[in-house]
Each structure stands twice: as structure tokens, then as C-alpha cells.
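Q: Got a structure for you, questions after.
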Amino acid sequence: MHPLDRFRETRLLPVIAGLAILAVALFILHIASILPPFIWAAVTAYLAHPLVKRIQRATRLPRGVVIGVLYIVFIGLLIFVAVQVVPTLYAQTRALVTSLPQLINTAREELLREPQIRIGGITIDTRELSIQATQIAQQIATRFGQEAVPLVLYTVGLLIKMLVYLLTTFYLLLQGDDLINGIQKLAPRRHQGTVGRIIQRVNGTFGAYIRAQLALFAIVSFTTFITLSVLKVEYALALAIATGILELIPIIGPWVAAGSAILVGLSQGTTPFNWSPVQLAAVIGIAYFALRMAQDHLIIPQLVGRVVRLHPILVIFGLLVGSTTGGILGLLLAVPTLAALKIIILEVIQELRHPPARRVVLLQEPGTLQEFRDGVWEYHHQHVVLLIAEEAVSWDDLELVEELADVAIRNDTRIQVVTPDPVAASIATAAGIEVITRDRLNGEERTGEEPVEPGREPAKRRARLRAGHTIKLGPEAQEEHVR
């Protein structure tokens, strides 16, 4: 019995996996102080990689030239933000924090002055609300007063310090694919497909989540700024940026953001539309509630979707650990890191206990590739050996093969191509699908077999299908299941 097979049968597998994860976590915590430059470089590379790839395809320019142009644009944007936005943001934040005690006292007086308010036919009793709101506002003010300025300044400082990390980012963008391929080749040959699949899934999860969160931050900050500006709320820019940052913290973050804006509206001296401060505060609360509903039902499903599937308790635990060890960077990376660990654990356990079922699919005539693409979802977590006959695939199918490769990754389907057709082999290679050549099947690269002597034809072997294999024969849809 192979040692790996013995390991698959052991009942200690969950314990060993848990200890391995604990060891990795302790190691990361031990070196956490030196990780931020590399992590920020990786984040930047994740964000820029799709753009670099698209520009390179469209312009045919060398990858290094494309990256250099993007660097110039990025530095220009950074200088613009530092000159135009940072001074206003800093001034508003300092003024907001300095006036917090006065804001709290004014808010309490306004609530006590109007025992009841009416908005759109709805009557709100503010007497009991004033007591609870004052207590909550004091807690929010204390927390916000301690962390608002450091939080905003830390974010701005990180943007400036990114200039130091540009060299690391440049090499990650330039040689990131080679680095991933190198990591994959470190694994034993028989497990390189599994390792590559794990890397691709983790890479896709990280990239999609980070891009979605930054897009969400931009959308939330912009819509909040417009809303608060229309309502003529003071410190609109600082409150909008704080709201976008606090969106990184599920459950608690939106409440803190809304409470801070309501506190400002309740205590500011001037109000629009002849409203009282209490009415303005109520409208701000309704606006934040409406924006939150729009995020939950429209924005977040479209941006994040099902990128991560984690229990809420795990998410909260990860956010607490991330914020403690890495601040804003930890908050940003906590959830995708947990999702990556989940992918790795499930993939390893699945591979060790239940290796992917293998299916053999024959594409014999033109048009059968589209049939396989439409039905690839049936091969979830399976290993498909795709036998492509000559002239069954043409250069016109390149886009279809690229789409197939992308769907296979998302469907957790490993595809290998065996074909005598050089066109089909070239298309598969270009799309990132593994191609098994004749030499690899019969020659020295085959694991566990004796090399073929020069000048001697390899022995012909009759292919035998194992249980569970499937063969599709052309458009006639003839199918044989070997049991």
C-alpha cells in the first residue's frame, strides 16, 4: 500500500490538519511585524494583475512597459489625492474629534427640547430615546475619538508608504505567474494538479474579494458623501471616509458609522429645509438605513456574491484577530485568509480521503466541444481526461476553450487533454489546460515506469477503463458507463 493511501485511512487526519494550521498561524503571528510591506505589495498585484493582462492583450506591449505606465498613473493619482483630499480630510477629522464633547451635550439638549417629532406621518417619542441615545453616543464618541484620527491617518500613511513597496509589487506583477508555477512544481508530480487547483482557487478568491471590498468602499464612501452633502451635514467628507472604512467591520461597523453621522446632525448649529436638529438626525438615520439596504440587496451580492462561504462566527473571529494583529490591513485580509484556509483544508482532506473520480471524455467531431462545455458542471470535483480527435477542435474554438478552462476552475474540475492534433494541443496550452503528450504517456516522464530505450518502439498497451469512467462518442451521444 502506498504511504499516502495509509495516510488517507488514518483517523488522525483532522487532528494533523488542525495542528498544521495552528503551526502556520503561530508562525505568521511571530513574523507579523515584517509582513505588511509584502502583503500590501501582494494586494496591489492582485488588484492590478487583471488590468495589466487586459492592456497587454490589447496593445501587444511588453509586460514591463505596461506595468511602468500604470506606475506613472498610480503615482499621479497618489499625488493628486495627497494634495487635494488629504488636507480637507485631516482638517475635518481633527475638528470633529475636538468638538465631540460639545456635540454630545448639544444632542442631549435637542432631544429633550422636542419630546415628539413627526416625519411623514410617523410620530417618534424622543424622551426615552434621548436617554438611550446619549449613552450610545458617549460610547461611540469615546471609541471614535480614540481611533478616528489614527484610523484615517493610518490609511493615508499606508497609501504614502506604498511607494516603498513598488519594487516588490513590480516583481509580483512581472513574475507572479512564474512564481505560482514554481510553487506548483515543488509538489510531487502526481499532486501537481491538486496543488495548482488550490493555488488557482485561492488566487481567485483573494483577488475577487479584495477588488470587491475596495469597490464597495469607494461606492459607500461616494454615496454617503453625496447624501450628507445634500443634507448639509458638517464634516461630510470625514464621515463618508469613516463610513467606507467601517464597512469592513460586519454588524458593528455600520451601526458605529450611522451613530456618528446622527450625532453630528443632531448637534450641528444650522439645518437645511427648516428642519429641527432632531428631524435632521432622524432623516440621516433613515438615509443610512436605506443605503444599508441597498448595499445588502443590490451592491454586495453583485460585488462579493459567493466569493466566500463562511459561518458568521468564523467571520467575526477572523475580523477580531485581523484587526488586533494587522489593523486595517488585517481587517481587509481576514475574511479571504479564512476562505483560503477553508479551501486548502477541504481540498487536502478531499484529496487524501476521496481522490477525484476520473472520467474519460472523447471529443471525436467538430461541435462536441460545445456540448462538453455546456455539461462541464456535471463533473464537479472530478478529474476529466479529454481525448480530442484530429480536426475536432479548430482555431475558432480558442475563446470557447478559454471559457472552459475558467469554468473548470470555478467548478473544481481538473481537465487534462490527450490529443494527436497539434492545433488542439496548442489551444489547450494557451488556455492553461494541461496537455499530456505522447512522450509523457510512453516515455521517461511517466512516473513509476521504466524509460523507453532509444530506437525501440514502446510496447502497445490496451487501454482499460476503470469503474466510473465515461466515454462520449461524437454527436450521436453514444455513452458507455463501465460498472
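Where a number appears in this text, it was derived from the coordinates with a stated rule and is not lab data. As the structure is a prediction and not an experimental result, all values here were calculated from the model. Cβ placement follows ideal geometry from the backbone for every residue including glycine, while neighbour counts extend to all protein chains displayed.
Q: Determine which residues of the stretch 36-52 fall in the zone a paramagnetic label at LEU167 would reach in this model, i.e. backbone nitrogen under 17 Å from the point 7 Å along Cα→Cβ.
A: Taking a point 7 Å out along Cα→Cβ of LEU167, the residues of the stretch 36-52 whose backbone N falls under 17 Å are 36-42.
Q: How would you order 47-60, 236-249 from highest to lowest mean count of nearby Cβ atoms within 10 Å? Don't skip to the answer; put the middle values down first.
A: Values: 47-60: 13.2, 236-249: 22.6.
The most tightly packed comes first, giving 236-249, 47-60.
Q: Lys and Arg at +1, Asp and Glu at -1: add these up for the other residues within a Cβ distance under 14 Å of GLN56 and post the number.
A: Details: positive: LYS53, ARG54, ARG57, ARG60, ARG63; negative: ASP177.
Every neighbour counted, the sum reads +4.
Q: Please list, ordered by chain and number, the residues whose modelled amide H lies under 5 Å from the amide H of ARG358; skip anything fewer than 5 residues away on the same chain.
A: Amide H neighbours of ARG358: HIS383.
Q: Rank-order 414-425, 170-181 by packing density, defined as the average count of other C-beta atoms within 10 Å over each peptide's residues, highest first.
A: Peptide ranking by packing, descending: 414-425, 170-181.
Q: A follow-up question, please. What is the packing order of peptides 329-338, 67-76, 397-406, taking the mean over residues of other C-beta atoms within 10 Å and listing the highest first? Present the calculation step by step, with values, prior to reporting the outcome.
A: On the way: 329-338: 21.6, 67-76: 13.7, 397-406: 16.8.
Ranked from most to least packed, the peptides come out as 329-338, 397-406, 67-76.
Q: Could you work out the relative contact order of the stretch 215-297? I mean the mean sequence separation of Cα pairs under 8 Å and 6+ apart, divided by the number of residues, in percent. Walk me through the numbers before you get to the answer.
A: Working: 81 pairs, mean separation 21.5, N = 83.
Once divided by the residue count of the stretch 215-297, the mean separation gives 26 percent.
Q: Along the stretch 384-394, what does the Karplus equation 6.51 cos²θ - 1.76 cosθ + 1.60 (θ = phi - 60°) give for ³J(HN,Hα), rounded to whole Hz, x for Gly and Pro?
A: Calculated HN-Hα couplings, in order: 10, 9, 9, 8, 10, 6, 5, 6, 7, 10, 10 Hz.
Q: Then there's this: Summing +1 for each Lys or Arg and -1 for each Asp or Glu, what net charge is found among the other residues whose Cβ lies under 15 Å from the Cβ of THR88? List each step's numbers first, then the result.
A: Working: positive: ARG94; negative: GLU234.
With Lys, Arg at +1 and Asp, Glu at -1, the net is 0.
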